[in-house]
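In what follows, a structure is listed as structure tokens, so that the remarks can point back to it.
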Amino acid sequence: MAGKKFDVKITVLKKIEVPDIHKEYAAEGVHIHCAKYKEGQEYLCKNVEKPEGFCSWAWVAVQDKVVFLALGHDYPWIKQKGVEIVSCADGLHPVLYKLERIEN
């Protein structure tokens, strides 16, 4: 496995609304939820590069975890091997992502 990089699938698990936070801090006209994605939407990350159409801000939040999985490592706090759950860093529009190493 040395040197091999696996592809990683990124799935939009859940878009979370935080209306109390949004009401207090969001500027007028800002969406209450992330307008970029739909739950269940998938992206394939090849060669640990940002998939086309994937949000650059979200990529910053997931990139190091994608690299870790792509290199064949596992997170000990996750039941499934080759999986990680991570969230976007946007506090007004949180999104949860499932990262899955593709082993084929």
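The values are calculated or read from the model by the stated rules, or taken from the named source; none is laboratory data. What you see is a predicted model; the values in this text were computed from it and never measured. All Cβ positions, even for glycine, are placed from backbone atoms using ideal geometry, and neighbour counts span all protein chains on display. For accessibility, only protein heavy atoms count, side chains too; no ligands or nucleic acids. Shrake-Rupley method; radii C 1.70, N 1.55, O 1.52, S 1.80 Å.
Quick check, is Val30 of a type in the set (A, V, I, L, M) and farther than 29 Å from Asp74 by Cα? Give the steps one after another, and end with the answer.
Numbers: of a type in the set (A, V, I, L, M): yes; farther than 29 Å from Asp74 by Cα: yes.
Against the criterion (of a type in the set (A, V, I, L, M) and farther than 29 Å from Asp74 by Cα), Val30 qualifies.
Scan the stretch 32-50 for residues that are among the hydrophobic types (A, V, I, L, M, F, W, C), in a loop (DSSP other than H, G, I, E, B) and within 28 Å of Gly82 (Cα to Cα) and jot them down. Let's see the steps before the verdict.
Applying the first criterion (among the hydrophobic types (A, V, I, L, M, F, W, C)) to the stretch 32-50 yields 32, 34-35, 44-45, 48.
Filter once more, keeping what is in a loop (DSSP other than H, G, I, E, B): 32, 34-35, 48.
Cys34, Val48 - these are the residues of the stretch 32-50 that are among the hydrophobic types (A, V, I, L, M, F, W, C), in a loop (DSSP other than H, G, I, E, B) and within 28 Å of Gly82 (Cα to Cα).
In the list Gly72, Gly53, Gly29, which residue meets the criterion of being free of Cβ contacts under 8 Å to residues at least 24 places away in the same chain, assigned to a loop (DSSP other than H, G, I, E, B), open to solvent by less than 50 Å² (accessible area, probe 1.4 Å) and over 12 Å from Leu99 (Cα atoms)?
On the way: Gly72 fails: free of Cβ contacts under 8 Å to residues at least 24 places away in the same chain; Gly29 fails: open to solvent by less than 50 Å² (accessible area, probe 1.4 Å).
That would be Gly53, the only listed residue that is free of Cβ contacts under 8 Å to residues at least 24 places away in the same chain, assigned to a loop (DSSP other than H, G, I, E, B), open to solvent by less than 50 Å² (accessible area, probe 1.4 Å) and over 12 Å from Leu99 (Cα atoms).
So which residues in the stretch 32-50 are closer than 30 Å to Ala70 by Cβ and surrounded by fewer than 17 Cβ atoms within 10 Å (Cβ to Cβ), if there are any at all? Steps first, please.
The first filter runs over the stretch 32-50 and keeps only residues closer than 30 Å to Ala70 by Cβ, leaving 33-50.
Residues satisfying the conditions are His33, Ala35, Lys38, Glu39, Gly40, Gln41, Glu42, Leu44, Lys46, Asn47, Glu49.
Across the stretch 83-94, which residue is most open to solvent (accessible area, probe 1.4 Å) among those that are in contact with a strand residue (DSSP E or B) (Cβ under 9 Å, 6 or more places away or on another chain) and touching a residue at least 24 places away in the same chain (Cβ under 8 Å)?
Start the filter on the stretch 83-94 by keeping residues that are in contact with a strand residue (DSSP E or B) (Cβ under 9 Å, 6 or more places away or on another chain), which leaves 83-88, 93-94.
The next check asks that each one be touching a residue at least 24 places away in the same chain (Cβ under 8 Å); those that pass are 85-88, 93-94.
Values: Ile85: 72, Val86: 13, Ser87: 56, Cys88: 21, His93: 27, Pro94: 26 Å².
Looking at the filtered set, the residue picked out is Ile85.
Which residue out of Val8, Val18 is touching a helix residue (DSSP H, G or I) at 6+ places or on another chain (Cβ under 6 Å) and of a type in the set (A, V, I, L, M, F, W, C)? Please lay out each step first, then the result.
Details: Val18 fails: touching a helix residue (DSSP H, G or I) at 6+ places or on another chain (Cβ under 6 Å).
None of the other options fit; the residue is Val8.
Evaluate the following for Lys79: is it surrounded by fewer than 11 Cβ atoms within 10 Å (Cβ to Cβ), free of Cβ contacts under 8 Å to residues at least 24 places away in the same chain, out of contact with any strand residue (DSSP E or B) (no Cβ under 8 Å at 6 or more places or on another chain) and assigned to a loop (DSSP other than H, G, I, E, B)?
On the way: surrounded by fewer than 11 Cβ atoms within 10 Å (Cβ to Cβ): yes; free of Cβ contacts under 8 Å to residues at least 24 places away in the same chain: yes; out of contact with any strand residue (DSSP E or B) (no Cβ under 8 Å at 6 or more places or on another chain): yes; assigned to a loop (DSSP other than H, G, I, E, B): yes.
Taking the combined requirement at face value, the residue satisfies it.
Please go through the stretch 8-26 and pick out each residue that is over 14 Å from the mean Cα position of the chain (by Cα) and open to solvent by less than 80 Å² (accessible area, probe 1.4 Å). Quick ask: steps written out before the conclusion?
Here is the first cut: in the stretch 8-26, the ones over 14 Å from the mean Cα position of the chain (by Cα) are 17-26.
The answer is Val18, Pro19, Ile21, His22, Ala26.
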